[in-house]
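The values are calculated or read from the model by the stated rules, or taken from the named source; none is laboratory data. This structure is a prediction, so every number in the text was calculated from the model and none was measured. Methodologically, a virtual Cβ is constructed for each residue, glycine included, from the backbone with ideal geometry; neighbour enumeration extends over all protein chains shown.
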Amino acid sequence: MKRFRWLIISGILFIALSVILYVAEIAIFHAPRDTFFYFFQDLAFVPIQVLLVTLIIHRLLNEREKRSRLEKLNMVIGVFFSEAGRDLLSRFSESDPGIERVRKDLVVTNNWSDREFIGMSRRLKNYEYEIGIQKIDLADLRTFLMERREFLLRLLENPNLLEHESFTELLLAVFHLVEELSFRKDVEHLPDTDRAHIGVDVRRAYALLVHEWLDYMKHLKDNYPFLFSLAIRTNPFDRDASPIVR
């Protein structure tokens, strides 16, 4: 409220100063016609100034700020895959009975073009993600996720997530899986119906993980070649992947 009142007072003072200067000009030069002529000439230019400042410059500044926020968000996404995403992809894909149909195609290389990323993304939209829940060690998965629960919570608190709905959806899916597993004291002796229910949650997180991972790989290739090199050598879909440079 005080700030708003300060803006009003400042506006009144500037208007008053402008009136005083115009009156002084008329009193000194005795040319009111010229003064009013230039006044209206300046006034006629005001809409163009508004256009330049509010519509063009302001938009450019907003775009720059948005790019800055997205860059920070991509850093957050990178941390997520380092701490949890890559490991989850490896676990889930190994339980996918149809993964061999796309495994080789997900081995991203330095030679991939934008067209190949786009083509793979479209292909994955038609891929039937499946989970063989019996192949997943739920006790180990529960321990892994519970150890990263606070980390996931901190990510969800990041305000920059508002700029990236798909990643937010992924985090919510993973955190929901954390919650489901945390409420079960004994995940090794669950009835088949409950395992099937958890399998649905895993499948949801798995599908979102794959899409987000592919987008992140493209971002690294376009902007950070050194990080992209490591991401290639630790690709969760490549059984021959190794961080060792050979």
(request) Give the residues of region 162-181 that are at pLDDT below 90 and surrounded by 16 or more Cβ atoms within 10 Å (Cβ to Cβ), sorted by residue number. (result) HIS164
(request) For residues that are in contact with a Leu (Cβ under 9 Å, 6 or more places away or on another chain) and of a type outside the set (A, V, I, L, M), scanning just region 148-161, find the one that is modelled with the lowest pLDDT. (result) ASN160
(request) Report yes if LEU145 is at pLDDT 95 or above and either among the acidic types (Asp, Glu) or touching a helix residue (DSSP H, G or I) at 6+ places or on another chain (Cβ under 6 Å) (or both), otherwise no. (result) yes
(request) Among the residues of region 126-171, count how many are basic (Lys, Arg), without any contact (Cβ under 8 Å) to a residue 60 or more places away in the chain and out of contact with any Lys or Arg (no Cβ under 9 Å at 6 or more places or on another chain). (result) 3
(request) Among the residues of region 76-100, count how many are farther than 24 Å from GLU165 by Cα and touching a residue at least 24 places away in the same chain (Cβ under 8 Å). (result) 7
(message) Let me confirm something: among ASP137, ASP215, ASP194, which residue is of a type in the set (Asp, Glu) and closer than 16 Å to SER82 by Cα?
(response) ASP215
